[in-house]
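A.B. asks: Shown below is the structure under consideration.
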Amino acid sequence: MKKRISVRKRSRKAFRLANQLLFSYILLFIGKKIFGRNYFERRVNTTHTKNAKRVKKTILELQGLFTKAGQLISTLSHILPDQYMEALESLQDNAPASSFDETKLFIEQELGRSISSVFSEFNEIPIASASIGQVYRGRLMSEEDVVIKIQHQDIEELAKADLGIIKKLIKRVSFFIQVHGMEYVYDQVKSMIKDELDYIKEANSMQVIAENITDVEGVRIPKVFSEFSSTRILISEFEQGVKITNIAQLDEWNIDRKSLMERLILVYCKMILEDGFYHADPHPGNILVNKKGEIILVDFGAVAVLSQEMRQEIPILLQAVIQKNQARILDSLRKLGFIGNDRESEKIAQQLIAALSQFIQSEVKIDSMNFKDMNFENLKGSSLDNLRKDISLKELTKTIRIPKDWILLDRTLQLLIGTSATVSKELNPMDVIKPYLKRLVLKDGGLKKIIIDAIKQQLTTLISLPSDLSSLLKKANNGELEVTIKTDDSRMYALGQQGILALFILAGLYYYHTCENNYTLIPIGFLSFLLMRSVWKHRRS
């Protein structure tokens, strides 16, 4: 195996790179002050491209955990310019293989017995080698084909040294260029590398997720042989398959690629939204497909937990948006970890709330007053899509916080969408996710809760001032504007009448959904007619 660069030399190379980057950007910003913004804009992309190449070149020279860290940073965050993202995404985590003589001693040390006493066959040539370890094929005495994942002997020492260097680099860069959210990225890189060094944790993750998706047809997770595994060696069942992006082979096997991707997206919906524990590194090399068309998930070094609080708070946020309850929306966003306490954060929050409200009103349609007929329009070109273009994640990190849960979730979703675009271009992932979300909302009395909340909201509206008027009065009270209120008794009476009718209609719908009594539809229809007549009669009031 090629000898790695010493820690001291690695540190010198890394800091030399950091100084080059800082110096180039300092010169650029000095030029901006002297020659103006046009000078800066003409040269900034060229500077990014040149520096991104420097970063990639240095990482390839250092290898080790820098390669892994570079890959993770490229997918964990959008806070870097596109040129860096492209350079880091193209990094391949390949490392020279250790000699088998060295590896054999290490394997036997971990097994506590000789290789020949555990394996009837053992291929001495590794099938893969990366920065953390390498993988071999073998066969147990029980005649089961297995893969043996073994760490490099010096990896723990190297990981500690590299993480220390990366932490110092971030501190140095942050001293000159403040990038909010970078500490989260480093924490995630450190956490994920630590997890990948613990094969017992990986084995447990495989077993837990395998149990969670037992009922999902056509998705497999290799069996773990715990009796032969340890912190630094993992032995699991060998599964024959090809990368999910091997289109030629999938077509040769006559596998329906659209159906395949639908299945993959659905299993991730279950892992993320229902179980809250998911495989967080779904790049094509970790998703195999066998001749039967079964999906095989491998390499569980990177898993993530979507907190119970986040899973519970997301529906609350949705309901608050539907009800236009601004205070509750802000409270939910804070609980989710998106909103800070500064003025700029509040400003961005207002934009988010406005876009969400518009999306719900204009683009989420409820047909026939039936929640089961909810129709979500394509996100492309929607208010949310426009907001995403107007406010990049890079901009968000300058004003609000990005939750740690969200960083990994965002990475996972990006990888899945990218794989979907490669495997089945005609498939819109949202067409798979929408029906799943509907079922999730209606599950376990979800509809009942929504209707009850709507009734409560209607009652609150009937006994209080309209929210818009309340907002205006608050502004007037703060001296921000003057408001003249003109009352109209007939209009107020009509609004009250319409509110009461709507309340009875919602109550009727709830009763119909609970008892499934078709006779209930008669009074509901009559009340709906009265409501529509009242609205039409007072439309010009």
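A.B. asks: Of all residues in region 130-170, which are farther than 20 Å from THR58 by Cα and of a type in the set (S, T, N, Q)?
C.D. replies: Once the filter is applied, which keeps residues that are farther than 20 Å from THR58 by Cα and of a type in the set (S, T, N, Q), region 130-170 yields GLN134, SER142, GLN151, GLN153.
A.B. asks: So, LYS56, is that one within 27 Å of GLN151 (Cβ to Cβ), of a type in the set (D, E, K, R), out of contact with any His (no Cβ under 7 Å at 6 or more places or on another chain) and modelled with pLDDT of 85 or more or not? Can you show your working first?
C.D. replies: Details: within 27 Å of GLN151 (Cβ to Cβ): yes; of a type in the set (D, E, K, R): yes; out of contact with any His (no Cβ under 7 Å at 6 or more places or on another chain): yes; modelled with pLDDT of 85 or more: yes.
Considered against the rule, which asks whether it is within 27 Å of GLN151 (Cβ to Cβ), of a type in the set (D, E, K, R), out of contact with any His (no Cβ under 7 Å at 6 or more places or on another chain) and modelled with pLDDT of 85 or more, LYS56 comes out as yes.
A.B. asks: Can I ask one more? Just the residues that are touching a strand residue (DSSP E or B) at 6+ places or on another chain (Cβ under 7 Å), at pLDDT 95 or above and acidic (Asp, Glu), please, taken from region 211-253.
C.D. replies: Within region 211-253, just GLU237 meets the criteria.
A.B. asks: Is it the case that ILE329 is outside any loop (DSSP other than H, G, I, E, B), β-branched (Val, Ile, Thr), surrounded by fewer than 19 Cβ atoms within 10 Å (Cβ to Cβ) and modelled with pLDDT under 90? Let's see the steps before the verdict.
C.D. replies: Values: outside any loop (DSSP other than H, G, I, E, B): yes; β-branched (Val, Ile, Thr): yes; surrounded by fewer than 19 Cβ atoms within 10 Å (Cβ to Cβ): no; modelled with pLDDT under 90: yes.
When the stated conditions are applied, ILE329 does not pass them.
A.B. asks: So which of VAL208, VAL135, VAL146, VAL185 ends up being β-branched (Val, Ile, Thr) and at pLDDT below 90? Let's see the steps before the verdict.
C.D. replies: Numbers: VAL208 fails: at pLDDT below 90; VAL135 fails: at pLDDT below 90; VAL146 fails: at pLDDT below 90.
Step by step, each of VAL208, VAL135, VAL146, VAL185 is checked, and only VAL185 is β-branched (Val, Ile, Thr) and at pLDDT below 90.
A.B. asks: Tell me the residue from THR214, THR245, THR231 that is without any contact (Cβ under 8 Å) to a residue 24 or more places away in the chain, among the β-branched types (Val, Ile, Thr) and either touching a His at 6+ places or on another chain (Cβ under 7 Å) or in a loop (DSSP other than H, G, I, E, B) (or both), please. Reasoning before the result, please.
C.D. replies: Details: THR245 fails: without any contact (Cβ under 8 Å) to a residue 24 or more places away in the chain; THR231 fails: without any contact (Cβ under 8 Å) to a residue 24 or more places away in the chain.
Checking each option against the conditions leaves just THR214.
A.B. asks: Between residues in region 92-115 that are under 18 Å from GLY64 (Cβ atoms) and residues that are surrounded by fewer than 12 Cβ atoms within 10 Å (Cβ to Cβ) and at pLDDT 90 or above, which pairs lie under 9 Å by C-beta distance while being six or more apart or on different chains?
C.D. replies: ALA97/ILE125
A.B. asks: Go through (1) part of a helix (DSSP H, G or I); (2) hydrophobic (A, V, I, L, M, F, W, C); (3) at pLDDT 80 or above; (4) loosely packed, with under 15 Cβ neighbours inside 10 Å and name the single condition PHE175 misses.
C.D. replies: Condition (3) is where PHE175 drops out.
A.B. asks: Looking at SER74, SER114, SER129, which one is modelled with pLDDT under 80 and out of contact with any strand residue (DSSP E or B) (no Cβ under 7 Å at 6 or more places or on another chain)? Step through it out loud before you land on a result.
C.D. replies: Details: SER114 fails: modelled with pLDDT under 80; SER129 fails: modelled with pLDDT under 80.
Sole residue among the options that is modelled with pLDDT under 80 and out of contact with any strand residue (DSSP E or B) (no Cβ under 7 Å at 6 or more places or on another chain): SER74.
A.B. asks: If you don't mind, there's one more thing I want to ask. What residue, of ASP251, ASP281, is buried (at least 20 other Cβ atoms within 10 Å of the Cβ) and either touching an Asp or Glu at 6+ places or on another chain (Cβ under 8 Å) or free of Cβ contacts under 8 Å to residues at least 24 places away in the same chain (or both)? Explain how you work it out, then say what you get.
C.D. replies: Numbers: ASP251 fails: buried (at least 20 other Cβ atoms within 10 Å of the Cβ).
That would be ASP281, the only listed residue that is buried (at least 20 other Cβ atoms within 10 Å of the Cβ) and either touching an Asp or Glu at 6+ places or on another chain (Cβ under 8 Å) or free of Cβ contacts under 8 Å to residues at least 24 places away in the same chain (or both).
A.B. asks: Still on this structure: For region 116-129, enumerate the residues that are under 22 Å from GLU143 (Cβ atoms), without any contact (Cβ under 8 Å) to a residue 60 or more places away in the chain and not in a loop (DSSP other than H, G, I, E, B).
C.D. replies: Listed by number, the residues that qualify are SER116, SER117, PHE119, SER120, GLU121, PHE122.
The values are calculated or read from the model by the stated rules, or taken from the named source; none is laboratory data. Just so it is clear, the model here is predicted, and its values are computed rather than measured. Every residue, glycine as well, gets a Cβ built from its backbone with ideal geometry; the counts of neighbours run over all protein chains shown.
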